[in-house]
Amino acid sequence: MSSRSKPVILIVGFGMAAGRLLDEMTDLSPDVFDIVVVGEEPQAAYNRILLSPLLAGEVHADNLALHDSDWYEKHGIRVLTGDPVRDLDIDVKKATTVSGEVISWDYLVLATGSRPGKLNLPGENLKGVQALRSMNDAKQLIDSLPNVQKAVVVGGGLLGLEAACALQAHNIETTVVHNATWPMNRQLDSEAGGRLIKALEDKGVAFVADAQCERYLEGENRTVSGLALADGQEFNCQLVVEAVGVVPEMTLAKAAGIPCERAIVVDDKLRSNIDDVFAIGECCQINGELFGLVAPIYQQATVLANVLSVYAQTKSESRRQVLLADCDSYVTQALPTKLKVSGVHVFSAGQLDVSSHTDMESNNEDTSVSMAMRDDRGGYRRLWWQDNRLVGAVMFGDTEDSQCYVDMIALQKEVAPYMQLLLDPAGMEAELAEQQEASA
Amino acid sequence: MRSIPVQDLSASVAASRVQTTCPYCGVGCGVTLTRQREQDIPVGDKAHPANVGRMCVKGSALHETIGLQGRLLHPEVDGKETDWNGALNKVAQRLQETLEKHGPESVAFYVSGQLLTEDYYVANKLMKGYIGSANIDTNSRLCMSTAVAAHKRVFGADAVPASYEDLELADLVLLYGSNLAWTHPVVYQRIAAAKAARPEMKIVVVDPRRTSTAELADLHLPIKPGTDIQLVDGLLAYLINEGYEDRDFIDSHTEGYDNIRNDISIRSGDINTIADSCDIRLKDLKQFYQWFAGTEKVVSVFSQGINQSSRGVDQASLILYSHLISGRIGQAGSGPFSITGQPNAMGGREVGGLANQLAAHMNIESGEHRDIVQTFWGSPTICETPGAKAIDMFRKIADGTIKFVWIMATNPVVSLPESDQIKLALEKCPTVVVSDCMADTDTVRLANIKLPAAGWGEKDGTVTNSERCISRQRKFLDLPAEVKPDWWIISEVAARLGFASDFNYNKAADIFREHARLSGYKNKGDRGFNIAGMIGISDHDYDNLDPVQWPVLSRNENGGFQSTKRLFVDGKFYTTTGKAKFHTVTLDRSPRRQGNFLFTLNTGRIRDQWHTMTRTGLSRRLQKHYSEPFVEMNPEDRRLLGIEAGELVSVSNHQSHCVVRVQDDDGLRKGDVFMPIHWNDSFASAARTDSLVAAICDPVSGQPAFKQTPVDIKPVQVRWQAILLSSIRLPLPSNDYWAYRVLGDWHMYIMAGNAKLNISQMKKQWRKQCDQWAEVDAGDQAMMRLVGSRQGRPILWMALHEEMPQWNEDWLLEAMKNPETSMRALLLGMPLGARLDKGSAQICTCNQVDEDSITKAISEGCQTVECVGKQTRAGTTCGSCIPEIRKLITRADSREEEEVLC
C-alpha cells in the first residue's frame, strides 16, 4: 500500500487516552494509518496523574510528557498542539481548527476528555479559585504559592486529597471541605474514611465534613479571601482548589450531531452510531458507564487500536463483522483506587456496601458477608462478599497484596474461607492456583 | 525452671549428677539428672535395674514440670495465709476436738501412692497407734488393692514373686488388661527388646481394646468387657482337662486345690462356650490355651483391667492359680506379675497404708500382730478393726460419721468413682485438711486447711516399685518458700497431739531405720516384708543406697545389701502352713448394670499424662499428644450416631455427664468407648471421667470397677468454637465447653458454645489490659480474631469460628515473641503465604514429630520403625511412641492391601 492511499485517522484531543491509543496503534499496526492528533493544551500528551506530585514538588514538569517530539516524528504522527478543533463536519469528514486549518479524516476518534466540575457559587471567578486539571493549572498554582498562607480544597475525593496534601507539603495551612461525612466516600466505608481523616489531620490537613459551600469571599483586587459555608462557618484563605469531579467534554460531538447522553455514546468496541466515528476516555460513555480512572481507558485504547486495524484491513461490512467478532470488547472492570499521598496508603476496589456495618444484628437472610480487620496501630482492611464471591475491598494503612483483591473481584470465582482472604490474600491466591492446577 | 543449687547436693553425689527415682508409674525407673545448658535434664539411669538407662516420655519431661508455677507455697487456714505454727496448731486442735467429741472413728487420713515410704510410715503410725483408728486408706485402693487381696489370699502375703528380668526370660508373656506401652512404657520396651532379640518369644494381649500394646502381640484377644474371669477359668479347665497339671507342685506346695478342681473342669470345660462368652474366635482362644499349656516359661502380667473390677480378686486369683497348677512360679522366666500403677503403691503397703493392714505386712485382725506393733511403737493404743476403705471412707464423710479428713498428695475429687458425690461430701465435711504441692486442684479447692508439701526433687526418701525394688528419691532442689516434707508435717501434728517423743524424727533416714526394725521385729519368716538386713543403716549408706529388692535379710559379699530377685523359689509361701491356698471362685456374680445404656465406657491412662495432670499438665510438650479431653469410639458406632470425628459429645449416665471431643479408634469393639482419667475441673468444663463411674467395688478388696460403666453418647450442638491464649489466667465466660492447657508462658483455653457469646463485653474487659489491639470481626458470631498487646508484646490471642479455628501452634508461639511479625499473620495464627495446615496429633513427644510427617515417611517407602526414625527422628529418643508408629505402618499396609484387592 503506498503512502498516498493510507487511511487518515484524526484524533481530537491529546490527553492520556489519545496518548495511550497512539502507543497501541504504533505497536499493533505501524505504517497503516496517517495519524493526525490535535490538542487544546500547548504541549503533547503528558501524565496527568502526576499533577499532584508536581504540585507537591515531588516530580519535575519535564518528566511528565508521555513521549518526546522525536517519537511522534519517528512514527509519522502529525501533532497539532494549542490549536483545538472548533468544528466537525461528519458528512464530509472534515475538521476545522481554531486557527482555520482543515483536516480530512477517514476515521475520527474523539478523545476530548473532561472539564473540571464547577459549583456555580458566587465568587467562583475570583482570582485564586481554580482547579488542578491541567499542566497550566499546576503551573499557575505553583506560581501563586509564595503568596498563600492558607488554602481551602473543595472536595474530598481522590484529587482533592492529593492536592490538599501537596499544598500542605509547601507548609500551607490547608483545609479540605467535603459534602459528605468522610473523604472518598464513594470508595471507602465510614471506618476507613474515619482513619483517613485522622491520617490527614496527622499530616496537618484539616477536614470539614458535611460542608455545604455557599460563597467565596472577595479580598483585594478580585482575589479570593475565604469560603463561607451554609452553616455560617468561614475559612480564610488565599487559594481555593476546586476538586468537585469532572464533566465530560462533548461540545464538539453534540454540535456535530453525534449522539450524546451524559457523554458521547459508544458501544463496547468504542464506536459511536455514526460510521467511522469513535470516542475514547473520559468523554465517552459505554453501557451507561462513565470513566475517570486510567485503567479502563487503557483497556479502551487496546480495544480501539484493534478495531481500527480491522477497519483498515477491509471496507467490506460483513468481513469487518467477522473480524471484529474476534476482537476483544471493552469489559467493565473493578476499579481499584489508590490514594497517592506519601505516608497514607489507601486502597479501594469493587462495590462496597457502605451502608452495612459490622454489628451483631446484621444477621439476616442476605448472602452478603463483610469482614473487617482493624489494628489500632497498623490499619484497617475490609472485604465484602456476595454469594461467596469477593465484590469489594478497602484497605487502609497496609495495602500490601491489593492486586490480589483486584484480580479476585475481576474473576468472580468462589473464594472462601473468608478469614484467610482477608489476612493473607497472596497465600490464598497461591493456594487457589495450586488447587486449580491439581484439578486440571 | 529452677536450677540445682550446688550446695544443696548431698556430698556423695557429683555436682552435676543426681541419681533419683521417677515419680510416675510403678516401673520405678532410675533417673540421672545431668546439667545441660542451665537445665537439669533427666536421663535414664544405666545402673538402675528397673530401666537400665531407658526412659519414657513423661520421665524425659520431668525438668519441664518442676518449676514453681501453680505451687502451694504457704500454709493456709480458712482461706488465710498463715505460718506453720498457726496451721499445725489448727490441724492438731481440730483433730483433737473431733476426737474428743466423736471418737477415733470420726477422723480419717486419705493418702497416696505418691507419698514416699517414710511419709507413709509416719501417717500410718499416727493413725493406727496414736489416734487409734484404722481410718487411713490410700489411692492405692483404686489400683492395687485387688492384687493385694489376691496375693494375700493365695500366697499369704502381699508379695509379687517375679522381677522385670523374668519378662525378658519368658517364652510366653501374657498381658491381661494392661496397656503397658502407654502406662508402663519402659517395661513394655524391655519386652519389645527381648522379643526383637528372640522373635520366637510369644506375646498375648488380653484387652477389649486393640491398644498400642497389642501392636507387639502375636495374639490379641479382644474379649468382651468383663469376661476375663471366664477366659482364665477356661484356661484352668483346659490345663486340667488336657493333662497339664503339675501334680507334684500342687501336692507339695498348695492346699485346697481339690475343692475347686472338679467344679472348674466342668463349668469351664467347654471351650466353645468360653469363646462365645468372651466373644472371640475359637481358633484364637485355642491358640492361647495351647501356648500356655505348651510353654514352660510363662509370665502373666496383670494390671488395671483385672484389678478395677467388681470381681477383681476372683479373677486375679484365677491368674495366680494358673501358675500354681502348672507349677510355673518361683523360676526364672515364670510367674504371675501384678504391675503397679503408682511409684510407691508397694512402699505404702509395706508400712500398712491401707485401712485393712496394720504395718509391715501385719494384720489388724491378728491380736499377736497388734501386740507386736503396739509394743514396738510403745503407742498408747492400737486400732482393733479395719478402717473404712476409700469408697466407704467418703461415704462416711458424706453421712457425717467422719468429720475430719486429712488428704495427702492425691486428688480424690477427680480420681474416685461417683466423684460428684466425693465433691459434695468434702464440701459438707467440717474439717478438710489437704497437704499438696499444688495450690489449685479440684481437691485443694475444697480444703479448710492447706499445707504446702514438698514435691519431687525437694524431698528425700524411698519408694518401692512393682518388682519389690526399694530405691531412693533424692532431694536436689531447695525447699521453696515454706514448703515442707510430708513426714515433717505429720510428725509436727503428732507432737502437738502430745506424742512428740514417738515422732521425734530429724530426717527421712531416721524413719527408714525404724521401718526396717519393725519389719524384722519378731518376724519368724511368716511376714513377707522383711528388710531386717537394713536395720541400723547409717545416714551415709541410706544416702548412697543402691536399688535393692526385698526381702533384704543380710549384706552380700561386697558389703551391699542382699537383694531378692524371686520369691517362692523353694515353693514355700507366707501362709501359716507354708502352702499356697486355693479358694472357691464363683463365676455367676456378673457386674450389675443400671438402666438401658448404649455404650460401655472403659477408662485408662494416655501415654503422655499422669493422673490428674497437676504436674504433666505443666509441660507443653506432654499436652500435644492429646490436647483436650476425649472419648474414643469405634468409627462405625460414631457414624450410626450421625456424629463427625472431632465434634463435641456428651457422655452421660445416672451419675453425671461429661463433655468431650469424640475420636475414632477402630481398635475399640463396637459398643465400647474409652475415656482417659486425667482431665478434671482444673483442665476442662466437664471431663471428670470418674464422675460417670458408679462406686461398685470388689467385695473383698473394695477396689472400684472403673472399666465397665454404662453410658449414653449424644452430640452437643455448638454454634462457635474458639481458642484463647492469654498471658494471665482469665475468668472465663460460662460456656458449654472449655478445656485448658499450659503453653509455655501462655494459658490456653479451647472453648465452644451454643449460646451467643457476649463478645463486646469480653473485649471491653480485655481491652483494659492492652495498649494495642488488633482484631478481625465478621459482624456476627461466625468468626472473630484478636491480638491484644502490651508494651509491644502480645498478651492475648483469640480465634473464634463456627468450627475449631485452624492455626499453627508452634509457629504462633515463636512469632509472638518477634516484634517484626506481621499483625495479619498473628491474627491468622499462621505464617502468611503458607498453605492451610490442619496439623495432626503429635506422636513423638521427645522430638515433636506429628502423625502427618510419619504418614508421609511411610508413604514414601518406610516400612519399619527404624526407617521412620531415620527419616523423621520419631521414636528415636525414649521410644514410647514406637507402638503408635508401628500402628501407622500396619494401617498403611492394610490400606495398600485393600487397594490391591479392589
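Would you call A:L229 farther than 18 Å from A:A166 by Cα and in contact with a strand residue (DSSP E or B) (Cβ under 8 Å, 6 or more places away or on another chain)?
On the way: farther than 18 Å from A:A166 by Cα: yes; in contact with a strand residue (DSSP E or B) (Cβ under 8 Å, 6 or more places away or on another chain): yes.
Yes.
Would you confirm, using the coordinates I've provided, whether B:D608 is acidic (D, E), assigned to a loop (DSSP other than H, G, I, E, B) and at pLDDT below 90?
Details: acidic (D, E): yes; assigned to a loop (DSSP other than H, G, I, E, B): yes; at pLDDT below 90: yes.
So B:D608 passes the test.
Would it be correct to say that B:R785 is within 40 Å of the chain's Cα centre (by Cα) and within 8 Å of chain A (Cβ to nearest Cβ)?
On the way: within 40 Å of the chain's Cα centre (by Cα): yes; within 8 Å of chain A (Cβ to nearest Cβ): yes.
In short, yes.
Could you tell me whether any residue of region B:744-757 is of a type outside the set (K, R), modelled with pLDDT under 85 and under 15 Å from B:R785 (Cα atoms)? Before the answer, list the steps.
Quick first cut of region B:744-757, residues of a type outside the set (K, R) only: B:744-755, B:757.
Applying the additional criterion that residues be modelled with pLDDT under 85 yields B:744, B:757.
Now drop any that are not under 15 Å from B:R785 (Cα atoms), which leaves B:757.
Within region B:744-757 (the criterion being of a type outside the set (K, R), modelled with pLDDT under 85 and under 15 Å from B:R785 (Cα atoms)), the answer is yes, since at least one residue qualifies.
If I filter region B:458-469 for residues that are in contact (Cβ under 8 Å) with a residue 24 or more places away in the chain, surrounded by fewer than 24 Cβ atoms within 10 Å (Cβ to Cβ), outside any strand (DSSP E or B) and touching a Lys or Arg at 6+ places or on another chain (Cβ under 8 Å), do I get at least one hit? Please lay out each step first, then the result.
Step one: filter region B:458-469 for residues in contact (Cβ under 8 Å) with a residue 24 or more places away in the chain, giving B:458-469.
Filter once more, so that each one left must be surrounded by fewer than 24 Cβ atoms within 10 Å (Cβ to Cβ): B:458, B:460.
Subsequent filtering for residues that are outside any strand (DSSP E or B) retains B:458, B:460.
Remaining after also requiring touching a Lys or Arg at 6+ places or on another chain (Cβ under 8 Å): B:458, B:460.
Yes; the residues of region B:458-469 include at least one that is in contact (Cβ under 8 Å) with a residue 24 or more places away in the chain, surrounded by fewer than 24 Cβ atoms within 10 Å (Cβ to Cβ), outside any strand (DSSP E or B) and touching a Lys or Arg at 6+ places or on another chain (Cβ under 8 Å).
Got a sec? Which of B:K524, B:K565, B:K572 is under 28 Å from the mean Cα position of the chain (by Cα), in a loop (DSSP other than H, G, I, E, B) and under 24 Å from B:G330 (Cβ atoms)? Quick ask: steps written out before the conclusion?
Working: B:K524 fails: under 28 Å from the mean Cα position of the chain (by Cα); B:K572 fails: under 28 Å from the mean Cα position of the chain (by Cα).
The match here is B:K565.
For B:A293, only one of the following conditions fails: (1) outside any loop (DSSP other than H, G, I, E, B); (2) in contact with a Gly (Cβ under 7 Å, 6 or more places away or on another chain). What is its number?
So the condition that B:A293 fails would be (2).
Please count how many residues of region B:60-81 are touching a helix residue (DSSP H, G or I) at 6+ places or on another chain (Cβ under 8 Å) and farther than 30 Å from B:V186 by Cα.
The first filter runs over region B:60-81 and keeps only residues touching a helix residue (DSSP H, G or I) at 6+ places or on another chain (Cβ under 8 Å), leaving B:61, B:64-65, B:67, B:69-70, B:72, B:75-77.
Filter again for farther than 30 Å from B:V186 by Cα, leaving B:72, B:75-77.
Selection size over region B:60-81: 4.
B:D672 versus (1) within 17 Å of B:L142 (Cβ to Cβ); (2) in contact with a Pro (Cβ under 7 Å, 6 or more places away or on another chain): which is the lone unmet condition?
Of the numbered conditions (1) within 17 Å of B:L142 (Cβ to Cβ); (2) in contact with a Pro (Cβ under 7 Å, 6 or more places away or on another chain), the odd one out for B:D672 is (1).
Exactly one condition in (1) closer than 27 Å to B:A181 by Cα; (2) not in a loop (DSSP other than H, G, I, E, B) is not met by B:H369; state its number.
(1)
Each row is one residue, and each column tells you yes or no for (1) among the charged types (D, E, K, R); (2) in contact with a Lys or Arg (Cβ under 6 Å, 6 or more places away or on another chain).
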residue	(1), (2)
B:V742	no, no
B:W746	no, no
B:Y749	no, no
B:N754	no, yes
B:N758	no, no
B:M762	no, no
B:W766	no, no
B:Q772	no, yes
B:D777	yes, no
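Answer yes if at least one residue in region B:746-767 is of a type outside the set (S, T, Y) and touching a Ser or Thr at 6+ places or on another chain (Cβ under 6 Å), and no otherwise. I'd like the intermediate steps shown before the answer.
The initial filter retains those residues of region B:746-767 that are of a type outside the set (S, T, Y), namely B:746-748, B:750-759, B:761-767.
Okay, now just the ones that are also touching a Ser or Thr at 6+ places or on another chain (Cβ under 6 Å), so B:747.
The answer is yes, given that some residue of region B:746-767 is of a type outside the set (S, T, Y) and touching a Ser or Thr at 6+ places or on another chain (Cβ under 6 Å).
Which residues, counting only those in region B:190-221, are touching a Ser or Thr at 6+ places or on another chain (Cβ under 8 Å) and within 27 Å of B:Q609 (Cβ to Cβ)? Please lay out each step first, then the result.
Step one: filter region B:190-221 for residues touching a Ser or Thr at 6+ places or on another chain (Cβ under 8 Å), giving B:202, B:205, B:207, B:213, B:215.
Result: B:V205, B:D207, B:T213, B:E215.
Does B:S338 fit the bill of being free of Cβ contacts under 8 Å to residues at least 60 places away in the same chain, among the hydroxyl-bearing types (S, T, Y) and under 27 Å from B:V111 (Cα atoms)?
Details: free of Cβ contacts under 8 Å to residues at least 60 places away in the same chain: no; among the hydroxyl-bearing types (S, T, Y): yes; under 27 Å from B:V111 (Cα atoms): yes.
Taking the combined requirement at face value, the residue does not satisfy it.
Considering only region B:199-250, how many residues are over 18 Å from B:S310 (Cβ atoms), among the basic types (K, R) and either surrounded by fewer than 20 Cβ atoms within 10 Å (Cβ to Cβ) or touching a His at 6+ places or on another chain (Cβ under 8 Å) (or both)?
Within region B:199-250, residues that are over 18 Å from B:S310 (Cβ atoms), among the basic types (K, R) and either surrounded by fewer than 20 Cβ atoms within 10 Å (Cβ to Cβ) or touching a His at 6+ places or on another chain (Cβ under 8 Å) (or both) number 2.
Here is a list: A:A209, A:A243, A:A192, A:A253. Which entry is among the aliphatic types (A, V, I, L, M) and touching a Gly at 6+ places or on another chain (Cβ under 6 Å)?
Working: A:A209 fails: touching a Gly at 6+ places or on another chain (Cβ under 6 Å); A:A192 fails: touching a Gly at 6+ places or on another chain (Cβ under 6 Å); A:A253 fails: touching a Gly at 6+ places or on another chain (Cβ under 6 Å).
Only one candidate qualifies: A:A243.
Filter region B:218-227 for residues that are at pLDDT 95 or above and in contact with a strand residue (DSSP E or B) (Cβ under 7 Å, 6 or more places away or on another chain) and give the result.
Listed by number, the residues that qualify are B:D218, B:L219, B:H220, B:L221, B:I223.
Has region B:781-789 got any residue that is at positive phi and either crowded, with 22+ Cβ neighbours inside 10 Å or not acidic (D, E) (or both)?
No, because not a single residue in region B:781-789 is at positive phi and either crowded, with 22+ Cβ neighbours inside 10 Å or not acidic (D, E) (or both).
Give the residues of region A:217-249 that are outside any loop (DSSP other than H, G, I, E, B), surrounded by fewer than 17 Cβ atoms within 10 Å (Cβ to Cβ) and free of Cβ contacts under 8 Å to residues at least 24 places away in the same chain, sorted by residue number.
Across region A:217-249, the qualifying residues are A:E220, A:E234.
Residue by residue through region B:824-882, note down the ones that are surrounded by 22 or more Cβ atoms within 10 Å (Cβ to Cβ), of a type in the set (A, V, I, L, M, F, W, C) and within 12 Å of chain A (Cβ to nearest Cβ).
The answer is B:L826, B:L827, B:L828, B:M830.
Mind checking which residues of region A:410-440 are free of Cβ contacts under 8 Å to residues at least 12 places away in the same chain, part of a helix (DSSP H, G or I) and either within 11 Å of another protein chain (Cβ to nearest Cβ) or over 32 Å from the mean Cα position of the chain (by Cα) (or both)?
Once the filter is applied, which keeps residues that are free of Cβ contacts under 8 Å to residues at least 12 places away in the same chain, part of a helix (DSSP H, G or I) and either within 11 Å of another protein chain (Cβ to nearest Cβ) or over 32 Å from the mean Cα position of the chain (by Cα) (or both), region A:410-440 yields A:Q420, A:G427, A:A430, A:E431, A:E434, A:Q435, A:Q436, A:E437, A:A438, A:S439.
Residues in region A:13-38 that are part of a helix (DSSP H, G or I), buried (at least 24 other Cβ atoms within 10 Å of the Cβ) and of a type in the set (A, V, I, L, M, F, W, C): how many?
Of the residues in that region, 5 qualify.
Could you give every pair whose Cβ atoms fall below 8 Å, whose first residue belongs to region B:809-824 and is closer than 15 Å to B:Q772 by Cβ, and whose second residue is assigned to a loop (DSSP other than H, G, I, E, B) and aliphatic (A, V, I, L, M), counting only separations of at least 6 or pairs across chains?
B:S822/B:L832; B:R824/B:L832
Go through region A:255-347 and tell me which strands (runs of 3 or more DSSP E), entirely inside it, have 2 or more residues that are over 26 Å from A:V32 (Cα atoms). It would help to see each step written out before you state the result.
Working: elements: A:264-266, A:277-279, A:284-286, A:337-341.
Passing ranges, in order: A:264-266, A:284-286, A:337-341.
Yes/no per residue for (1) farther than 20 Å from A:L422 by Cα; (2) within 11 Å of chain A (Cβ to nearest Cβ); (3) part of a strand (DSSP E or B); (4) of a type outside the set (S, T, Y):
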site: B:L730; (1), (2), (3), (4): yes, no, no, yes
site: B:A739; (1), (2), (3), (4): yes, no, yes, yes
site: B:V742; (1), (2), (3), (4): yes, no, yes, yes
site: B:A752; (1), (2), (3), (4): yes, no, yes, yes
site: B:K756; (1), (2), (3), (4): yes, yes, no, yes
site: B:K764; (1), (2), (3), (4): yes, no, no, yes
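Starting from residues that are basic (K, R) and touching a helix residue (DSSP H, G or I) at 6+ places or on another chain (Cβ under 8 Å), keep the ones in region B:16-59 and report whichever is surrounded by the most Cβ atoms within 10 Å (Cβ to Cβ). Show your work before the answer.
Let us first name the residues in region B:16-59 that are basic (K, R), namely B:17, B:35, B:37, B:46, B:54, B:58.
With the extra rule that they be touching a helix residue (DSSP H, G or I) at 6+ places or on another chain (Cβ under 8 Å), the set shrinks to B:54, B:58.
Details: B:R54: 25, B:K58: 27.
Per the stated criteria, the residue is B:K58.
Which one is farthest from the other protein chains (Cβ to nearest Cβ) among residues in region A:391-409 that are out of contact with any strand residue (DSSP E or B) (no Cβ under 8 Å at 6 or more places or on another chain) and either buried (at least 24 other Cβ atoms within 10 Å of the Cβ) or of a type in the set (D, E) (or both)?
Looking only at region A:391-409, we keep the residues that are out of contact with any strand residue (DSSP E or B) (no Cβ under 8 Å at 6 or more places or on another chain), and these are A:400-401, A:403-404, A:407.
From what is left, the residues that are either buried (at least 24 other Cβ atoms within 10 Å of the Cβ) or of a type in the set (D, E) (or both) are A:400-401, A:407.
Working: A:E400: 9, A:D401: 9, A:D407: 16 Å.
So the residue we want is A:D407.
The values are calculated or read from the model by the stated rules, or taken from the named source; none is laboratory data. What you are looking at is a predicted structure, and each value in this text was computed from that prediction instead of being measured. Please note: Cβ atoms are built from the backbone with ideal geometry, for glycine as well, and neighbour counts cover all protein chains shown.
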